[in-house]
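This report refers to the structure that appears directly beneath it.
The values are calculated or read from the model by the stated rules, or taken from the named source; none is laboratory data. Since the structure is predicted, the reported quantities are computational estimates derived from the model, not experimental observations. Cβ atoms come from the backbone with ideal geometry, glycine included; neighbour counts cover every protein chain shown.
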Amino acid sequence: MEKTDIKSLDLEKLTSYMESIGEKPFRAKQLYEWMHKKLASDYDEMTNLSKSLKEKLLQSAAFTSLTVVEEKISAIDGTRKYLFGLSDGNIIESVLMKYKHGNSVCISSQVGCRMGCRFCASTLDGLERNLTASEMLDQIYRIQKLTGERVSNVVVMGSGEPMDNYENLIQFIRLLTDENGLNISQRNITVSTCGIVPGILKLAEEDLQITLALSLHAPNDQVRKSLMPVANRYSLTEVLQACKTYFEKTGRRLTFEYSLVSGVNDNLKEAAALCTLLKGMHGHVNLIPVNPIKERDYVQSERKAILDFKNHLEKNGINVTIRREMGRDINGACGQLRKSFINQEQ
């Protein structure tokens, strides 16, 4: 019999589950608080639950608790990168980034990724499986417990395409923002997508106040197809129309992620095309100096090219920032640490 993933249940469903195993409804509130507020690692930490209840739960419930396989701390900026082990032996990675405005955690939504973006290490070994809502949550819970510091911002930008794991993503967001749990503001959550149009349109109907980030990376379909296979399925016209719908439904301004790759998408001709493309869109461009990976021959743009690109966008009325590089000395980019670990194990 398959065990119930209790950390992925909301309070109402957890209450029903507790009643189904012969327990009083108030036990659900106690258990929920231990999992989502006190961030218990196992049943032994739950001091106000009886021994008999713990034994029942061990028999019928799966309790997600990630194990730390590796932790790397940047000597440059204090960024921490974690490799976490899952119960089935798979490995995922998460990153803690410290800013003046608070601690931000970047989590993975899948084990690996099948999107195939050319400059990303996450996709090199393909997709293993989706993460459950509890496995997404527990990346944040473990980091907060390990550091003893509050996490105030969450970005779903690690390994995986969140829209390719839609139902678990939505459940994760609802649990993370629940007032009975960590109660992180929806406005402090960003979900990144490479442009899965049906997912964007569905997300627009969820009545959430999260930020949507589009991995854009090119100002036209031709260049985008060379970088991102998903562009063969959804054109920029379709993707940006979905983004407009998202803004109209939610009132939330979008972020357009643009990784600058030397000689591929970083000249002023492309900057001008990007200005035309995004004219009238409600959002800002986040320029990302691409983090090189040894399996690809893409090179980071020179500093002058990055600044020239930024200045051209600003002169044309586009809100733009250059993402601060974090954790470069510890393989900070998506999928890099997991990939190197897998290679060592083989």
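If you go through region 1-49 and keep only what is at pLDDT 95 or above, within 23 Å of Ile170 (Cα to Cα) and of a type in the set (Asp, Glu), you end up with Asp5, Asp10, Glu12, Glu33.
Within region 93-107, not a single residue is out of contact with any Cys (no Cβ under 8 Å at 6 or more places or on another chain), surrounded by 15 or more Cβ atoms within 10 Å (Cβ to Cβ), part of a loop (DSSP other than H, G, I, E, B) and modelled with pLDDT under 95.
When you check Gln110 against the structure, is it at pLDDT 95 or above and more than 21 Å from Arg150 (Cα to Cα), yes or no?
Yes.
Does Arg252 satisfy the criteria of being of a type outside the set (Phe, Trp, Tyr), more than 23 Å from Ala133 (Cα to Cα) and exposed (fewer than 15 other Cβ atoms within 10 Å of the Cβ)? Taking the combined requirement at face value, the residue does not satisfy it. Scanning region 75-84 for residues that are closer than 11 Å to Lys98 by Cβ and crowded, with 20+ Cβ neighbours inside 10 Å yields a total of 2. In region 229-238, of all residues being in contact with a helix residue (DSSP H, G or I) (Cβ under 6 Å, 6 or more places away or on another chain) and among the hydrophobic types (A, V, I, L, M, F, W, C), the one that is nearest to Leu124 (Cα to Cα) corresponds to Ala231. Note on region 224-267: residues that are modelled with pLDDT of 95 or more and touching an Asp or Glu at 6+ places or on another chain (Cβ under 8 Å) amount to 3. Tyr246 satisfies every condition listed in (1) hydroxyl-bearing (Ser, Thr, Tyr); (2) closer than 21 Å to Pro289 by Cα; (3) touching a residue at least 40 places away in the same chain (Cβ under 8 Å) except (2). Can you confirm whether Ser192 is in contact with an Asp or Glu (Cβ under 7 Å, 6 or more places away or on another chain), closer than 18 Å to Val105 by Cα and touching a residue at least 40 places away in the same chain (Cβ under 8 Å)? Considered against the rule, which asks whether it is in contact with an Asp or Glu (Cβ under 7 Å, 6 or more places away or on another chain), closer than 18 Å to Val105 by Cα and touching a residue at least 40 places away in the same chain (Cβ under 8 Å), Ser192 comes out as yes.
Is at least one residue of region 171-192 in a helix (DSSP H, G or I) and either small (Gly, Ala, Ser) or closer than 30 Å to Glu270 by Cα (or both)? Checking region 171-192: not a single residue is in a helix (DSSP H, G or I) and either small (Gly, Ala, Ser) or closer than 30 Å to Glu270 by Cα (or both). Within region 217-234, residues that are surrounded by 19 or more Cβ atoms within 10 Å (Cβ to Cβ) reach partners that are at pLDDT 90 or above and of a type in the set (Val, Ile, Thr) with beta carbons closer than 6 Å, at six or more positions or on different chains, in the pairs Tyr234/Val197.
Screening Asn165 with (1) polar (S, T, N, Q); (2) closer than 15 Å to Gln110 by Cβ; (3) modelled with pLDDT of 95 or more; (4) not in a helix (DSSP H, G or I) gives one miss only, at (4). Between Lys72, Lys38, Lys54, the distinction of being outside any loop (DSSP other than H, G, I, E, B), of a type in the set (Lys, Arg) and without any contact (Cβ under 8 Å) to a residue 40 or more places away in the chain belongs to Lys54 only.
Being of a type in the set (Lys, Arg), within 23 Å of Arg114 (Cβ to Cβ) and in a helix (DSSP H, G or I) is the requirement here; does Lys249 meet it?
Judged against the criteria, Lys249 is not a match.
Scanning region 118-162 for residues that are at pLDDT below 95 and touching a Phe, Trp or Tyr at 6+ places or on another chain (Cβ under 6 Å) gives a single hit, Phe119. The number of residues in region 127-148 being of a type in the set (Lys, Arg), surrounded by fewer than 17 Cβ atoms within 10 Å (Cβ to Cβ) and within 20 Å of Glu71 (Cβ to Cβ) comes to 1.
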